[in-house]
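What follows is one structure encoded as C-alpha cells, with my remarks underneath.
The values are calculated or read from the model by the stated rules, or taken from the named source; none is laboratory data. Note that the structure is a prediction, hence the values are computed from the model and not measured. Ideal geometry is used to build each Cβ from the backbone, glycine not excepted, and the neighbour counts take in all protein chains shown. What goes into the accessible areas is simple: the full protein's heavy atoms, side chains included, and nothing from ligands, DNA or RNA. Shrake-Rupley method; radii C 1.70, N 1.55, O 1.52, S 1.80 Å.
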Amino acid sequence: VYTLSLQDALPISGGGAYFRTSSPDLETVTIINNTASQGGGMYCDDAGNPLLLNVTISGNFTDNDGGGIFCNDDANPTLINSILWDNSPQEIYHNEDGEASSITISFSDIEGGESGIIINNNATINWEEGNIDANPLFVDIANGDYRLSDYSPAIGAGTATGAPTTDIDGNPPPNPLGSSPAMGAD
C-alpha cells in the first residue's frame, strides 16, 4: 500500500515508477502528481510487465509522451480495477520505435476510453470487459485527496476476482451497490 509522488524531481523517464525487465504486482497504489520527460506516472521498458490491481494514476505530466504510462520495447502492463485520469498529454502511450508492446485493461476507468491510448501502430490494446470512461469524482484533487466521492461511477464497478480485501487505508473498499469492489486505490 503506497502512494508514489516525486513532485520536486524531474527524472528523464518514469516520474512515479520505472519498470525495466521486471514484472511487479502493484496493489492499492496511487501514483499522483509526478513529472518526467517521458512517462510522467510510469515508464515500462524492455519487457517491463507490471500488474496494476486497484491502482490510481492521476495528475501526472510529461512534456513529451505518456502522461500516465509510457510503454517501450515489448512492455506489456495489465490493468485491473484501476483508474487513469487527468494525466497529460495522454493517459497511455506506446513508443513507435522498438519492439511492439501491448496493454491489457479490464474493469478500469480510462479517461478517453480506448482513444486515451496512443498505439502508434506498434501496440495491441486488449480492451476487455468492464471498462468505463467516466470522471471518477475524486474527493478533493486540489488538496491531494484521491479517495472516491460517494457519487463516483467507479464505486461497485470493479471485479472481485483477485481484488484486494482492503483499500489503501486498510478499510474495506466502498461497495454500496453489491458484491463488486470499487476501481482505484481508495
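The sole residue among Glu96, Glu114 that is over 23 Å from Gly170 (Cα atoms) and assigned to a helix (DSSP H, G or I) is Glu114.
Among the residues of region 135-147, the ones that are open to solvent by 30 Å² or more (accessible area, probe 1.4 Å) and touching a Pro at 6+ places or on another chain (Cβ under 8 Å) come to 2 in all.
Here's a check for you: in region 84-122, which residue that is among the aromatic types (Phe, Trp, Tyr) and open to solvent by 20 Å² or more (accessible area, probe 1.4 Å) is nearest to Gln38 (Cα to Cα)? Let's see the steps before the verdict.
Looking only at region 84-122, we keep the residues that are among the aromatic types (Phe, Trp, Tyr), and these are 85, 93, 107.
Pick out the ones that are also open to solvent by 20 Å² or more (accessible area, probe 1.4 Å) and you get 85, 107.
Numbers: Trp85: 17, Phe107: 26 Å.
Among them, the one singled out is Trp85.
Results for (1) surrounded by fewer than 23 Cβ atoms within 10 Å (Cβ to Cβ); (2) at pLDDT 95 or above; (3) in a loop (DSSP other than H, G, I, E, B), shown as yes or no for each residue.
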| position | (1), (2), (3) |
| --- | --- |
| Thr3 | yes, no, no |
| Pro11 | yes, no, yes |
| Asn49 | yes, no, yes |
| Thr62 | no, no, no |
| Leu79 | no, yes, no |
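Of the residues making up region 25-47, not a single one is aromatic (Phe, Trp, Tyr) and touching a residue at least 40 places away in the same chain (Cβ under 8 Å). Here the condition is being part of a loop (DSSP other than H, G, I, E, B), open to solvent by less than 30 Å² (accessible area, probe 1.4 Å) and not hydroxyl-bearing (Ser, Thr, Tyr); of Gly130, Gly156, Gly162, it holds for Gly156 alone.
Just the residues that are under 13 Å from Gly15 (Cβ atoms) and among the charged types (D, E, K, R), please, taken from region 49-78.
Of all residues in region 49-78, those under 13 Å from Gly15 (Cβ atoms) come to 57-70.
Across region 49-78, the qualifying residues are Asp63, Asp65.
Among residues of region 95-120 that are among the small types (Gly, Ala, Ser), those with a beta-carbon under 6 Å from a residue that is assigned to a strand (DSSP E or B) and open to solvent by 50 Å² or more (accessible area, probe 1.4 Å) at least six positions away or on a different chain give the pairs Ser102/Thr124.
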